[in-house]
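Asker: Pasting in a structure now, in C-alpha cells, and then I'll have a few things to ask.
None of the figures in this text is laboratory data; all of them are computed from the coordinates on show. Computed from a prediction, not measured in an experiment: that's the story for all the values here. In this analysis, Cβ positions are derived from the backbone assuming ideal geometry, glycine residues included, and neighbour counts consider all displayed protein chains.
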Amino acid sequence: MFKTQLIDIMATQTKMPKTQTKKALDSLIDITSISLKKGDNVWLFGLGTLSIQNKPERQARNPRTGNKINIAAKKVVKFKAANDLKKKINTK
C-alpha cells in the first residue's frame, strides 16, 4: 500500500478531509523519526514497537570482483509487531 492509498482509507474511515489526514500522517512520521533519532523507542499500541538497532562495521565480499570491502557501522530501524496485529493477520 502506498502512502496516498493509506491517506485515502484513513480519510474515509475517520471522515476527515484528506488534507488533514495527510498532515496527521506526516506528523506521525516526523515525531517517530525524531524520537528514534534521539534513541527512544516508539510503541504504537496494537501495531508494534519501533526501535533503533546499531549494526557494527563488518567485512563483506564484492560478488562481482571477489574483493573484500568494509561496510560502515550504521543504525537501522527495527520493527516488532504487537500480539494484536499478529492475531489479526493470522485469523481466517
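Asker: On the given criteria, is Ser35 within 18 Å of Lys75 (Cα to Cα) and among the polar types (S, T, N, Q)?
Answerer: Yes.
Asker: Considering each residue of the range 24-43, count those that are loosely packed, with under 12 Cβ neighbours inside 10 Å and part of a helix (DSSP H, G or I), and give that number.
Answerer: 7
Asker: For the range 40-74, give me each residue that is in contact with a helix residue (DSSP H, G or I) (Cβ under 9 Å, 6 or more places away or on another chain) and more than 17 Å from Ile29 (Cβ to Cβ).
Answerer: Phe45, Gly46
Asker: Which pairs turn up if I take residues in the range 68-92 that are of a type outside the set (A, V, I, L, M, F, W, C) and look for partners that are assigned to a loop (DSSP other than H, G, I, E, B) with beta carbon separation below 6 Å, at least 6 apart in sequence or on another chain?
Answerer: The qualifying pairs are Asp84/Gly46.
Asker: Could you grab me the full set of residues in the range 59-88 that are of a type in the set (Gly, Ala, Ser) and under 30 Å from Lys38 (Cα atoms)?
Answerer: Across the range 59-88, the qualifying residues are Ala60, Ala72, Ala73, Ala81, Ala82.
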